[in-house]
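Quick note: the coordinates plus some simple rules give every number you see, no bench work behind them. As the structure is a computational prediction, the values presented were derived from the model and not from experiment. No Cβ is skipped: glycine too gets one built from the backbone with ideal geometry, and neighbour counts run over all protein chains shown.
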Amino acid sequence: MALLEVRSVTKRFGGLTAIENVSLEVSEGEIVGLIGPNGAGKTTLFNLISGVYPPDEGDIYFDNEKITGRKPYDCCRRGIGRTFQIVQTFTNQDVLYSVTLGALPKAKSVSLAQEKASEVLSFVGLWDKKDQLGSSLTIANRKRLEIAKALATEPKLLLLDEVMAGLNPTEVDEALELIRKIMASGTTVFIIEHVMQAIMNLSERIAILHYGEKIAEGLPQEISKDQKVIEAYLGEEYGFDGKP
């Protein structure tokens, strides 16, 4: 069953068409990857799904309900959580405070929000950092904090925007382990990523955007052999098995 349906969505900014007639689905319990060159429209698509921008054309459905043009807080309450490509931290607040804010929209009190935040911090491996300022964390732990803030909203669908960017190979492996753990907990994941070996091995399906258009969609093995995808993004040296 489709949890998310994007139907023929277009978004323009002045004379620039950032997304053009894009359609895709993400089924409940699935993990879907979204790839493409810089400027292809990937984050813009996430912004449309999460309510940051309204589409100029087309519709978006979530959990069998039309959410086209809904505000971000409304999308969040309905069960769409997301991270941001540029990690946002509260410079003068500790980690527990940041995640508690994420839990507040669905919690009945601040104390219950703090309980949820504590649970999430333990889940992502940041409990021992709860009293540190977000700005003092390593880039890997800032990424975990970004995920924790999104998880605190209790999402049915989690949009992950380049959560592995800037990480070393060991940190990438740890991030993959966390994402699989999130999936095992019952959360559906839609992920943008440039770390190809990671997304090819993680995703059940992959869609690719190029100049705002979806040029291919399929299993990782299919995508890695698609000539249009190779020419637009992967490059000829990319192997059929998902390993550069």
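Ranking R180, R70, R82 by Cβ neighbours within 10 Å, fewest first, what do you get?
R180, R70, R82
Across the stretch 49-58, in residue order, what do the Karplus-derived ³J(HN,Hα) couplings come to in whole Hz, using 6.51 cos²θ - 1.76 cosθ + 1.60 with θ = phi - 60° and x for Gly and Pro?
With the stated coefficients, the stretch 49-58 comes to 5, 8, x, 5, 10, x, x, 7, 9, x Hz.
Thinking of the stretch 158-235 as a set of Cα atoms, what percent of all their pairs are more than 16 Å apart?
Everything past 16 Å amounts to 52 percent.
Could you check the spin-label model distance between E115 and T10? Points 7 Å from the Cα along Cα→Cβ, value in nm.
5.0
With the calculation restricted to Cα positions, what are the radius of gyration and Dmax of the stretch 60-189 in angstrom?
14.3, 41
Sorted from largest to smallest, which semi-axis lengths in Å does the alpha carbon gyration tensor of the stretch 1-77 give for its equivalent ellipsoid, taking the root of 5 times each eigenvalue?
Semi-axis lengths for the stretch 1-77 are 19, 15, 11 Å.
What is the fewest-to-most order of L145, L3, L45, L133 by other Cβ atoms lying within 10 Å of their Cβ? Don't jump to the answer; show the numbers that get you there.
Details: L145 26, L3 20, L45 29, L133 16.
Taking fewest neighbouring Cβ atoms as first place, the list is L133, L3, L145, L45.
Let me have the relative contact order for the chain, percent, based on Cα pairs under 8 Å that are six or more residues apart.
It rounds to 24 percent for the chain.
R0 = 41 Å: FRET efficiency of Q227 with L133, Cβ-based, nearest 0.05?
Working: r = 49 Å, r/R0 = 1.19.
That pair, Q227 with L133, gives E of 0.25.
Taking θ = phi - 60°, what integer Hz values does the Karplus form 6.51 cos²θ - 1.76 cosθ + 1.60 yield along the stretch 153-159, in sequence order, with x for Gly and Pro?
Going residue by residue, I get 7, 6, x, 7, 10, 10, 9 Hz, with x marking Gly and Pro.
Mind jotting down the three principal axis lengths of the chain based on Cα atoms? Whole angstrom, largest first.
52, 39, 35
Using packing as a proxy for protection, rank 12-24, 120-132 so that the peptide with the highest average count of other Cβ atoms within 10 Å comes first. The partial results should precede the final answer.
Working: 12-24: 15.1, 120-132: 16.8.
Taking the mean over residues of other Cβ atoms within 10 Å, the ranking is 120-132, 12-24.
Of all DSSP beta bridges located in the chain, what percent are antiparallel, nearest 5?
55
How far, in nm, would the chain grow between K181 and T17 when pulled straight, counting 0.36 nm per residue and subtracting the alpha carbon separation? Before the final figure, lay out each step's value.
Working: separation 164, 0.36 × 164 = 59.04 nm, distance 3.65 nm.
Residue separation times 0.36 nm, minus the Cα-Cα distance, leaves 55.4 nm.
Please list 3J(HN,Hα) in residue order for the stretch 204-215, calculated via the Karplus relation 6.51 cos²θ - 1.76 cosθ + 1.60 where θ = phi - 60°; whole Hz, with x for glycine and proline.
Rounded to whole hertz, the list is 7, 9, 9, 10, 10, 9, 8, 6, x, 10, 7, 9.
Taking neighbour counts of Cβ atoms within 10 Å as a proxy for exposure, in what order, fewest first, do E154, E231 appear?
Neighbour counts put them in this order, fewest first: E231, E154.
Simple spin-label model, 7 Å along Cα-to-Cβ: N92 to S122 in nm?
Label at N92, label at S122, 3.2 nm between them.
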